[in-house]
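Data first, discussion second: the structure below is written as structure tokens.
Every number in this text was worked out from the coordinates using simple rules, so none of it is lab data. These numbers come from a predicted model, not from an experiment. Every residue, glycine as well, gets a Cβ built from its backbone with ideal geometry; the counts of neighbours run over all protein chains shown.
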Amino acid sequence: MKDYGPETFGKLNAEDYDELHDPGTTAETVELIAELAGDARVLELAIGTGRVALPLARRGVRIEGIDASEEMVAKLRAKPGGEAIPVTIGDMADARVDGPFDFVFLIFNTLFNLTSQEAQVRCFQNTAARLTEGGGFLVEAFVPDLARFKDGQLVRTRHISKNAVTIETAVHDPVNQVINHQYIRVKGGAVKLVPLPMRYAFPAEIDLMAKLAGLTLEQRWGGWRREPFTAGSKMHISLYRKS
Ligand SMILES: C[S@@+](CC[C@H](N)C(=O)[O-])C[C@H]1O[C@@H](n2cnc3c(N)ncnc32)[C@H](O)[C@@H]1O
């Protein structure tokens, strides 16, 4: 999508991110990551407004972050404890952060915010370069469901309330594995357009990106409560290990 860079998500979404982007799984996410991370030095790629990082920090996890958006990080900073989390502003595919880290995670489908295969591969390589030997990299992403598209496009209602509605529109480019979304938010008579390009990958391709970076798949779950990953799973939580 033209004129859409790593910082655009935050510019468009920081203001109402917490209100509109609650996946409903935050408690389970924090629980599993805290368990896996232990007393490790931890890095969250695309830390955002601290949805998961802040509760982790409150539990004593030594967490740091990277994010491309000053606006998202300003929201994190404004919350209690937000000032204490070190955050580097930059593109997670290339950002240089002083490591090493024992555990890195990238959740809520944000790998797919990198809109080319090259950028996703670089993100794995950049992460692997910052991991200790034996360190873990955890990725949460949806399993693409291309049956949602009819004639290469979709329209569906997302949020609805008495004076607001969000309509998701999307066009699928199967060659580049890119879905170009445009969210149309109508609230109290005002209309806001929120574009979001995503480059999806199936789990096997993500495993290959990990392998290219020297990371091996150790575990794959179908949910944050360690549900088994099956052919019917709509998302996966994959844990890679540097060895
Ligand atoms: C869906 S939010 C996820 C935030 C947080 N991890 C969470 O789970 O709530 C996506 C985040 O990715 C950040 N982002 C998008 N592209 C990025 C990139 N190339 N490098 C670093 N951060 C990026 C956005 O600024 C935003 O904070």
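Of note:
- Normalised by 2.2 N^0.38 Å, where N is the number of residues, the C-alpha radius of gyration of segment 99-234 stands at 1.23.
- When each full DSSP H helix of the chain is screened for a Cα extent of at least 18 Å along its own axis and an average Kyte-Doolittle hydropathy of at least -1.0, the helices passing are 117-130.
- Each Lys and Arg Cβ is given +1 and each Asp and Glu Cβ -1; about its Cα centre, the chain then shows a dipole of about 460 debye.
- Least to most buried among Ile160, Ile63, Ile85 (fewest other Cβ within 10 Å first): Ile160, Ile85, Ile63
- Residue (of Ala53, Thr169, Gln125) at the positive-pole extreme of the chain, dipole from beta-carbon charges: Thr169
- When segment 146-197 is reduced to its Cα atoms, the Kirkwood hydrodynamic radius in Å: 11.7
- Each principal axis of segment 89-168 carries a Cα extent, and these read 49, 31, 21 Å when sorted largest first.
- Sorting 38-44, 67-73 by average packing, meaning the other beta carbons within 10 Å per residue, from highest down gives 67-73, 38-44.
- 27 Å Cα-Cα threshold exceeded, pairs from Lys75/Lys242; Lys79/Lys162; Lys11/Lys79; Lys150/Lys192; Lys211/Lys234; Lys75/Lys234: Lys75/Lys242; Lys79/Lys162; Lys75/Lys234
- Sites matching trypsin sites (Lys or Arg not before Pro) across segment 80-152 that sit in DSSP coil, with at most 12 neighbouring C-beta atoms within 10 Å: Arg96
- Restricting segment 149-220 to chymotrypsin sites (Phe, Trp or Tyr not before Pro) that sit in a DSSP loop and have at most 16 other Cβ atoms within 10 Å of their own Cβ leaves Phe149.
- Cβ-Cβ distance of Val191 and Glu227, R₀ of 35 Å, FRET efficiency by 1/(1 + (r/R0)^6): the value works out to about 0.35.
- Principal axis analysis of the Cα atoms in segment 1-57 yields extents of 41, 23, 17 Å, listed in decreasing size.
- Per residue, the average separation of C-alpha pairs within less than 8 Å and at least 6 apart gives the chain a relative contact order of 17 percent.
- Kirkwood-Stokes translational diffusion coefficient of the chain, alpha-carbon pairs, 10 °C, 1.306 mPa s, µm²/s: 86
- Derived scalar couplings ³J(HN,Hα) [segment 182-193; Karplus, 6.51 cos²θ - 1.76 cosθ + 1.60; whole Hz; x for Gly, Pro]: 9, 8, 9, 9, 10, 9, x, x, 8, 10, 10, 9
- Share, in percent, of DSSP beta bridges within segment 144-201 that are antiparallel, nearest 5: 100
- In this structure the amide hydrogen of Gly90, modeled in the peptide plane, comes within under 5 Å of the amide hydrogens of Asp67, Ala68, Ser69, none closer than 5 places in sequence on its chain.
- Alpha-carbon centroid distance for the pair segment 198-226 / segment 54-112, whole angstrom: 21
- Helix-only arithmetic for the chain: the sum of -39500 (n - 2.57) across DSSP H runs with n ≥ 4, divided by the residue total, places the mean residue ellipticity at 222 nm at -7000 deg cm²/dmol.
- Considering only Glu19, Glu118, Glu227, the mean-square fluctuation computed in a Gaussian network model of the chain, springs between alpha carbons under 10 angstrom, is largest for Glu19.
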